[in-house]
Amino acid sequence: MKILVVGAGIAGSAVALMLSRSGHDVAVVDAAPEPPTGGFLLLFDSVAMEVFGQLGATSIAEQRSVPTPEISIRINGRRLTSFMWPGARLARRGALIGALSRYVAETVSMTFGRKLTGIEQRLGSVLAHYEDGSHETYDLIVGADGVNSTVRRLVIGPDDGMVYRNGRIHHWIRVPGTLAGTSRATVLLANGVQCQFFPYPDQDATLLATVIHAGDGRLEPAELLQASTDVLRRSGSEYAAFIERVNAVDPDSTRITRFTQVRTERWHAPRVVLVGDAAHCIDPLSGLGAHGGLLGAAILTEELSRTPRDIWAASERYTRRTRRFVRPSQLFTAALVEASTGKGIRRYRTVVPDLVRASISYRDVRVPSAPYAPHSALRTSVR
């Protein structure tokens, strides 16, 4: 089949290489002018590493990441517990995605700076329209263009009713230096605010991610910085000593996002299918986005290999299988965030049932045996 993948992130790059190695004619387009670099932190687990291995990209992941350190949890300064996440690793998000996309571009045609603007379904094919006025016909379009997916809006519909938000805001801060004498990660909870400390793997700096309930309103960066420093003051002297560094951060250099999950029931239309965050964003703070995106890419590739002439049936099977992991993970992640950043007993009325549903419905979805073993192919450059 002639396949277009829209989006050169982790899921898009991975599914493009898998489909190419399965014998399909694959091209990737991305609206960004070039592959990303740097960025905030990305946590990926042993399942993601398993897929990296199937892609022949283990060294790419290992060279740009470190094992996730011990994670401790404190509430109002008192240590609650600590745990290790076996097999999980930390990387600079942009650095890892950029390296993976460049690796994939050695085999698959990959064009940056090309924006998709329209999709036209036809009998037996699908037409992609681009911002420059050009168009091209494909057998299948794979939408891997993230939580704000253009492909999803074009073929599934507007985001209303498909995107879940719970009023939580994420404030991402890169703070120079690390906590004295430690390289561990910490989750601090105080006064309905959550702060996550993670050391950067490649520099003397710390990611401070603050989560606060703002409802439908807007909080300015200076207000969010104040919320972060309030939690630090409540968490003990070792964190209070970090306050001066946080206050020195330029508020305009920070990033603000909202807790967002894509909960659409439909992941595909005739000759169009969604993967990764475009289909089922779990939320960046979950640490499960790479797991879900890479797992889904492998499952989709396997199902298309089973019935290449019946894209609809393959897409249905891919959706059912991947959703067994995604849906409980979404419920669990949202419930934990809402419990840790809410106030009063009423917050548990929805949180506890969601945690129960997540536990009951969770299934261990295994990565398929790779039907796309690495092999030599025509090499093209990123352009």
Taking a 1.4 Å probe, which of ARG321, ARG64, ARG234, ARG21 shows the most accessible area, and what order do the others take after it? ARG234, ARG64, ARG321, ARG21
By how many nm would the segment from TYR164 to THR58 lengthen if fully extended, with 0.36 nm per residue of separation less the alpha-carbon distance? 34.8 nm
For the pair LEU127 and ALA240, how long in nm is the line joining their label points, each one 7 Å along Cα→Cβ? 6.8 nm
For the stretch 3-51, the percent of all C-alpha pairs falling in each 5 Å bin, from 0 up to the bin holding the max distance, is 5, 17, 24, 22, 19, 11, 2, 0
Starting from the Cα gyration tensor of the stretch 42-151, multiply each eigenvalue by 5, take the square root, and state the resulting semi-axes largest first in whole Å. 39, 18, 13
Stick to the Cα atoms of the stretch 115-259, pair each with every other, and give me the Kirkwood hydrodynamic radius in Å at one decimal. 18.3 Å
Which Rg and Dmax, in Å, describe the Cα atoms of the stretch 172-248? 12.1, 40
Quickly work out the LEU179-to-ASP252 label distance, labels modelled 7 Å from Cα along the C-beta direction, and quote it in nm with one decimal. 3.2 nm
Here are a few candidate values for Cα extents along the principal axes in Å: (i) 74, 46, 42; (ii) 148, 44, 26; (iii) 64, 42, 40. Which one was actually calculated from the structure I just gave you? (iii)
Which semi-axes, in whole Å and largest first, does the equivalent ellipsoid of the stretch 299-339 have when worked out from the alpha carbon gyration tensor as the square roots of 5 times its eigenvalues? 30, 7, 5
What percent does the relative contact order of the chain come to when contacts are Cα pairs within less than 8 Å and at least six residues apart? 22 percent
Using DSSP H assignments, which helices in the chain have an axial alpha-carbon span of 18 Å or above and a mean Kyte-Doolittle hydropathy of 0.0 or higher? 289-306, 348-361
Skip the ligands, DNA and RNA, and give the accessible area per residue of the stretch 151-267 with a 1.4 Å probe, whole Å². 45 Å²
Using DSSP to call loops (not H, G, I, E or B), can you name the GluC sites (Glu not before Pro) in the stretch 101-134 whose Cβ has at most 15 other Cβ atoms within 10 angstrom? GLU106, GLU131
FRET efficiency for THR37 and THR117 from the Cβ-Cβ distance with R0 = 41 Å, rounded to 0.05, comes out at 0.95
Residue span ALA205 to GLU265: 0.36 nm per residue of separation minus Cα-Cα distance leaves a gain in nm of 17.6 nm
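The values are calculated or read from the model by the stated rules, or taken from the named source; none is laboratory data. All of these numbers come straight from a predicted model, not from anything done at the bench. Don't worry about glycine lacking a Cβ; one is built from the backbone with ideal geometry, like all the others, and counts go over all protein chains shown. Heads up: the accessible areas ignore ligands, DNA and RNA and are worked out on the full protein's heavy atoms, side chains in. Shrake-Rupley method; radii C 1.70, N 1.55, O 1.52, S 1.80 Å.
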